[in-house]
Amino acid sequence: MYKGMNFSLWCDFIERDFLDKGFSDLLRNGTINGATSNPAIFKTAFSTSKAYEKSIEQSPKRHPKELYELLASQDIKIAAQKLLKNYANGDDGFISIEVDPNLSSNVEATIAEGVKLYNSIKMPNVMIKIPATKEGYEAMSALMAQGINVNATLIFSPQQAISCLKAFKEGTQAYLKHFTNTTPPQGVISIFVSRFDRLLDEKMAAANLPTGQIGIMNASKIYHIINDENLPNVRALFASTGVKGGDLRADYYVRELMFENTINTAPVGTIEAFIKENAQLKTPPSKQSIQSFFEVMAKANINIDNAYRDLLNDGLKAFEVAFGEILNTLNKNLEIFS
């Protein structure tokens, strides 16, 4: 956590060689105090890095999904061990691993896989990442009731955040009912940011409205909702903060969302840009100014509700595709080493 700021920066990238080198440097320098992963990140790692060849060749696992779980769990455990000092000192130290995105509509299967991943890694600072779907909310609550930290992902709409808060609250209460006077599991609500601007900035510009603002305003609206609920073991996490094209500075979304009691998870390049200059906490836009912003958007016939729906569907599909591509890549590698 940045000294005196109550702000955390997590690294949104996992890869075996990086964990041994760059990741350790970022930790040692106090630049980051946590990390996240998702199927798209592992897809890049497994398909481009030679660091996994020996593990694949020597693995007793011959089914692609079993092999994926083995390799991903190994990386997560390495990261968790490196982050354990932060965790022990109350300075975050969490690392997230996502359940199979193809299970997002199956409550029991999501719970079972979350428990399996958490138990196989055997580290207290692991978070199980679950997409914010109707079925996902039930799974989040069930995992928290068992004392498992949860990262609710693919949050685009305020209603998703409200449902996550309800699930976290119920799960925490169930946990504390059985384990009184203990520290409850931690939860983060991962609010996706930059995708709104990539989707709608062209329409904003055509309507003579400011660009690069929808993601910030929507994230700020959800931040207020989370803060107002005031759950001591739940925080807002801003995700999808890398800038892709346009005139925005590389660390734009990190700097603009440096609100008190928040986490920002960012790609390595964004982190490198961010640490070049000092940054200060920001005051979030007021609820009134946020409401006015979205009213102006609505008058320009820019439908934010459609964006919520489309971005969630696209996000779920992208993770499913990435997961499928991971399995295809690992299957080919298994054939090579068989």
For 261-269, 33-41, ranked highest to lowest by mean beta-carbon neighbours within 10 Å, the order is 33-41, 261-269
What is the Cα convex hull volume of segment 51-147 when expressed per residue in Å³?
106
Rounded to the nearest 500, what is the chain's calculated 222 nm mean residue ellipticity when only DSSP H runs of at least 4 contribute -39500 (n - 2.57) each, over all residues?
-18000 deg cm²/dmol
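How much accessible area per residue does segment 194-326 have, in Å², with a 1.4 Å probe? The partial results should precede the final answer.
Numbers: 6500 Å² over 133 residues.
The answer is 49 Å² per residue.
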Using the Cα atoms as the points, what is the convex hull volume per residue of segment 210-338 in Å³?
171
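Would you mind checking 50/317; 43/65; 50/129; 50/77 for any pair whose Cα atoms are more than 21 angstrom apart? Please list the in-between numbers first.
Values: 50/317 27 Å; 43/65 13 Å; 50/129 26 Å; 50/77 19 Å.
Where the Cα-Cα span goes over 21 Å, the pairs concerned are 50/317; 50/129.
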In the chain, whole DSSP H helices that both stretch 30 Å or further along their axis by alpha carbon positions and average at least 0.0 on the Kyte-Doolittle scale are 304-337
Treating every alpha carbon of the chain as one equal point scatterer without solvent, the Debye formula yields log10 I(q)/I(0) values at q = 0.07, 0.14 Å⁻¹ of -0.28, -1.15
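Give me the 1.4 Å probe accessible area per residue for segment 1-127, excluding ligands and nucleic acids, in Å².
Details: 5430 Å² over 127 residues.
Solvent-accessible surface per residue comes out at 43 Å².
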Using alpha carbon centroids, what distance separates segment 215-244 and segment 170-201, in Å?
10
Listed residue (139, 32, 311) projecting farthest to the positive dipole end of the chain, Cβ model
32
I need the trypsin sites (Lys or Arg not before Pro) found in segment 1-76, filtered to DSSP loop residues with at most 14 other beta carbons within 10 Å of theirs.
3, 21, 62
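The values are calculated or read from the model by the stated rules, or taken from the named source; none is laboratory data. Note that the coordinates shown come from a computational prediction; the quantities given were computed from them, not determined experimentally. Every residue, glycine as well, gets a Cβ built from its backbone with ideal geometry; the counts of neighbours run over all protein chains shown. Surface accessibility is based on the protein's heavy atoms, side chains included, excluding ligands, DNA and RNA. Shrake-Rupley method; radii C 1.70, N 1.55, O 1.52, S 1.80 Å.
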